[in-house]
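The values are calculated or read from the model by the stated rules, or taken from the named source; none is laboratory data. Keep in mind that this is a model prediction, so the values were computed, not measured. Heads up, the Cβs are rebuilt from the backbone with ideal geometry, glycines too, and the neighbour counts pull from every protein chain shown.
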Amino acid sequence: MSFVPPGTGWPEDPATPDTPVAEDPADVRRLAVTASTLAELTARQSVCRACPRLVAWREEVAQVKRRAFADETYWGRPVPGWGEEHPRILLVGLAPAAHGGNRTGRIFTGDRSGDWLFASLHRTGLAAQETSTRAGDGQRLIGTRVLASVRCAPPANKPEPSEKAACFPWMAREVALVAPDVRVIVALGGFAWQAMWPALKEAGYELPRSRPPFGHGAETEVRYGDAPVTLIGCYHPSQQNTFTGRVTAQMLDMIFTRARSLAV
């Protein structure tokens, strides 16, 4: 089998063999809006099969594998949101990596981007460990939750517009469930910044008339009910950005230190 069946003992697997499976975008909308808890929502996210191209790709990667991980079992399923159930800080990314989250079962885990991200979160007091290697490794986020706008690893890291649209209800519902507690939202990259705004609107946030441009350290304030919420842009800690120096450890630490101070 080219993916881990739900309920077979994978650490932190939120699903069971009885978790309902979304087979198309209409199922995603129905199952997302009727999920009453994060546990129920993440379980349903983790077994979704609504996008044939993404399903085929994530499972092919899990079967063929990368040579460095040839002896490992790959998760090979959608990668659900992860972290605290009542977060003050929400981190938003684009999609899991084929040999990162698609392999480990945890978002931003098992690749170089995740190494940079979790090291910075640890230095700034938002993660219990400096590394995140796989589900069940003891890592824990502190006052923080991380999710992606697309839950499956896409070919060439580029989900198609129809796939983004199909996955959108999962993101919108997760944002809505944590909204009463969240005070800071950090978008990891320009794609995540763009994907975040419709989800915030769907979740009931009051947004500015014009969408502010993305930038590293860019800030804007929105409201959820009577509570102010700060949105912060952060360059993605991709290898392209970290190798070229566009993103440094100090730049990431600055963002998360700022997020933590605002969340308190």
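Listing for the model above:
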quantity: Number of positions in region 89-99 that are outside any strand (DSSP E or B) and closer than 20 Å to T144 by Cα; calculated: 3
quantity: Filter result for R145 (among the basic types (K, R) and under 15 Å from S46 (Cα atoms)); calculated: no
quantity: Residues satisfying the stated conditions in region 218-240, i.e. more than 19 Å from the chain's Cα centre (by Cα) and more than 16 Å from M196 (Cα to Cα); calculated: G225, D226, A227, P228, Q240
quantity: The one condition in (1) surrounded by fewer than 19 Cβ atoms within 10 Å (Cβ to Cβ); (2) aliphatic (A, V, I, L, M); (3) in contact with a Leu (Cβ under 8 Å, 6 or more places away or on another chain) that V175 fails to fulfil; calculated: (1)
quantity: Cβ-Cβ under 9 Å pairs, at least 6 apart or on other chains, region 132-155 side on the phi > 0 side of the Ramachandran plot and surrounded by fewer than 24 Cβ atoms within 10 Å (Cβ to Cβ), far side part of a strand (DSSP E or B) and β-branched (V, I, T); calculated: G143/I89
quantity: Residue within region 226-237 that is surrounded by fewer than 17 Cβ atoms within 10 Å (Cβ to Cβ), at positive phi and out of contact with any Ser or Thr (no Cβ under 8 Å at 6 or more places or on another chain) present; calculated: no
quantity: Number of positions in region 156-168 that are surrounded by fewer than 23 Cβ atoms within 10 Å (Cβ to Cβ) and either at negative phi or not polar (S, T, N, Q) (or both); calculated: 9
quantity: Some residue of region 52-64 being part of a loop (DSSP other than H, G, I, E, B), closer than 23 Å to D18 by Cβ and of a type outside the set (V, I, T); calculated: no
quantity: Whichever residue in region 1-32 is of a type in the set (G, A, S), in a loop (DSSP other than H, G, I, E, B) and touching a Lys or Arg at 6+ places or on another chain (Cβ under 8 Å) and, among such residues, is nearest to F168 (Cα to Cα); calculated: A22
quantity: Extreme residue, farthest from A32 (Cα to Cα), among residues of region 194-211 that are assigned to a loop (DSSP other than H, G, I, E, B) and in contact (Cβ under 8 Å) with a residue 24 or more places away in the chain; calculated: Y205
quantity: Residue list for region 14-32, restricted to those being loosely packed, with under 13 Cβ neighbours inside 10 Å and among the β-branched types (V, I, T); calculated: T16
quantity: Residues being basic (K, R) and buried (at least 19 other Cβ atoms within 10 Å of the Cβ) - total across region 85-131; calculated: 3
quantity: Candidate set: region 33-51, residues that are touching a residue at least 40 places away in the same chain (Cβ under 8 Å) and outside any helix (DSSP H, G or I); chosen: the one surrounded by the most Cβ atoms within 10 Å (Cβ to Cβ); calculated: C51
quantity: Candidate set from region 122-162 (those that are more than 17 Å from V92 (Cα to Cα) and not in a loop (DSSP other than H, G, I, E, B)); member that is modelled with the lowest pLDDT; calculated: A156
quantity: Residue in region 65-93 that is farthest from A22 (Cα to Cα), counting only those that are among the aliphatic types (A, V, I, L, M) and within 20 Å of the chain's Cα centre (by Cα); calculated: I89
